Amino acid sequence: MSLLDAHTLDVLRSVAVPDTRQRYGAPWFLFHRVDLHLQLKKLATEPRPNTKSVAKINLSSEVADIDLEGAISLTNGECVKKDLVVVADGVRSKFPSKVVGEGVPTQASPTGTAVYRFLIPTEKLLQDPETRPYFEGGGFHGSIARLKDARLVWYPCRRGALQNFGFFVPDTITGFDDEVWNIPASRDEFLKSVSQLHPDLQAICSKAEDLKLFRLCMRKKPIPSLTKGNVVLIGDASHPMLPHQAQGGATSVEDGAALGVLFSHLGSKDEVHRRLELFQKLRFDRVSAIQLLSSVGQDEIHKVVESAQPYFHHGPVPNGLNEYNFTPNVMRDALELLQQDCKTDL
Ligand SMILES: Cc1cc2nc3c(=O)[nH]c(=O)nc-3n(C[C@H](O)[C@H](O)[C@H](O)COP(=O)(O)OP(=O)(O)OC[C@H]3O[C@@H](n4cnc5c(N)ncnc54)[C@H](O)[C@@H]3O)c2cc1C
């Protein structure tokens, strides 16, 4: 990753991205959220060889309440009963206290930072001589511009056709106290806030499309358990974190993959509780540690070492987080755990 690898701005720090394919066994993918959703939906709902059934997605089904035996009540008055309830309703989840009890704080609170998110087609940036130098050459190129109280982060996605930006600013949003994702973004306010940037960066920002405003929230302490009864918490509902290590979505996908493996070869619904215990064993330390380590940048890990240490039983908190974030293979580890538990080769 390079810090503004361009002709008109100074490069302050440059970090080489390792060959992740060689080092961690997979390429470094940078997704546009919409593309990831669409592909996950396709995997879940379209028949494939060797899959017995596919998922059915019920839209417009807002959950009003759940209980630990698997009852789900919808806001439209419908009720259903399931053998397993996977709570994945995001950072403002209403249901963690079902699992950990009312006495444990589960609210994710505002951190004082908000983020303008926007996309720009790379072609549009290449057409303008002022912005072209920053986007020529293709390939992976993530950049960060730091100012006193603001930060611009960008990386390419959709095979380089789109550039994805986040502009972190102090949270001065008024109203929308309970909102995280759906806060209207004013283009005028945005352009005013980027006026402190270098003119080239302002030229880039002026082309912003699909402008959105998010409020950054985090839960200060990890919760003590991920599961109780027939209910399991995953994703931001389970471990809401800041985006400093870009691991919120990644750990959510890992949770889903772990559940997929741990709930394979299920003989009967009597095994649900045991499988959820395996999920807790596999995931608890990792998601708790990443939640805490995500509250700071890669160069500030020393600030959270003490609080993260209890989640590392076999040594100190690692200094460089890429190894910790990218090395585990959650599906392999889940399968090994399941095999050990069933004492068989599945
Ligand atoms: C600025 C920013 C940058 C980020 N960058 C990265 C990154 O680079 N890499 C990364 O890995 N992560 C990143 N993240 C984090 C990532 O977006 C989240 O961790 C991820 O979206 C969590 O997924 P989730 O499925 O748990 O929750 P969400 O994506 O929030 O999905 C929750 C879903 O539940 C639905 N829902 C809510 N309430 C109910 C209800 N009562 N009934 C039914 N449905 C309900 C919602 O409509 C929504 O569809 C970033 C986050 C932010 C804010």
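The values are calculated or read from the model by the stated rules, or taken from the named source; none is laboratory data. Fair warning: this is a prediction, and the values are worked out from it, not measured in the lab. Note that we place each Cβ from the backbone using ideal geometry, even for glycine, and neighbour counts take in every protein chain shown.
Observations on the structure shown:
- Options 323, 300; residue that is in the same structural domain as residue 256 (by TED's automatic domain parsing), part of a helix (DSSP H, G or I) and over 19 Å from the mean Cα position of the chain (by Cα): 300
- Residue list for the range 224-247, filter: assigned to a helix (DSSP H, G or I) and surrounded by 21 or more Cβ atoms within 10 Å (Cβ to Cβ): 235, 236, 237, 238, 245
- Looking only at the range 155-174, and only at residues there that are closer than 23 Å to residue 189 by Cα and more than 13 Å from the ligand (Cβ to nearest atom), the one that is farthest from the chain's Cα centre (by Cα): 174
- Hits in the range 1-49 - residues which are at pLDDT 75 or above, closer than 18 Å to residue 164 by Cα and not basic (Lys, Arg): 28, 29, 30, 31, 32, 34, 35, 36, 37, 38
Residue by residue, here is whether (1) without any contact (Cβ under 8 Å) to a residue 12 or more places away in the chain; (2) surrounded by fewer than 17 Cβ atoms within 10 Å (Cβ to Cβ) holds:
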{"position": "59", "(1), (2)": "yes, yes"}
{"position": "64", "(1), (2)": "yes, yes"}
{"position": "73", "(1), (2)": "yes, yes"}
{"position": "83", "(1), (2)": "no, yes"}
{"position": "93", "(1), (2)": "no, no"}
{"position": "97", "(1), (2)": "yes, yes"}
{"position": "103", "(1), (2)": "yes, yes"}
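- Residue selected from the range 295-323 under the condition modelled with pLDDT of 95 or more and among the hydroxyl-bearing types (Ser, Thr, Tyr), by the criterion farthest from residue 251 (Cα to Cα): 307
- Residue match in the range 72-87 (condition: away from the ligand (no atom under 12 Å from the Cβ), over 28 Å from residue 275 (Cα atoms) and modelled with pLDDT under 95): no
- Within the range 111-134, tally of residues that are surrounded by 14 or more Cβ atoms within 10 Å (Cβ to Cβ) and within 16 Å of the ligand (Cβ to nearest atom): 8
- Close Cβ contacts (under 7 Å, 6 or more residues apart or on different chains) running from residues in the range 261-281 that are assigned by TED's automatic domain parsing to the domain that holds residue 233 and farther than 12 Å from residue 83 by Cα to residues that are among the acidic types (Asp, Glu) and modelled with pLDDT under 95 comprise 278/341.
- Residues of the range 18-33 that are among the aliphatic types (A, V, I, L, M) and away from the ligand (no atom under 11 Å from the Cβ): 26 alone.
- Looking only at the range 148-179, and only at residues there that are surrounded by fewer than 14 Cβ atoms within 10 Å (Cβ to Cβ) and of a type in the set (A, V, I, L, M, F, W, C), the one that is nearest to residue 18 (Cα to Cα): 161
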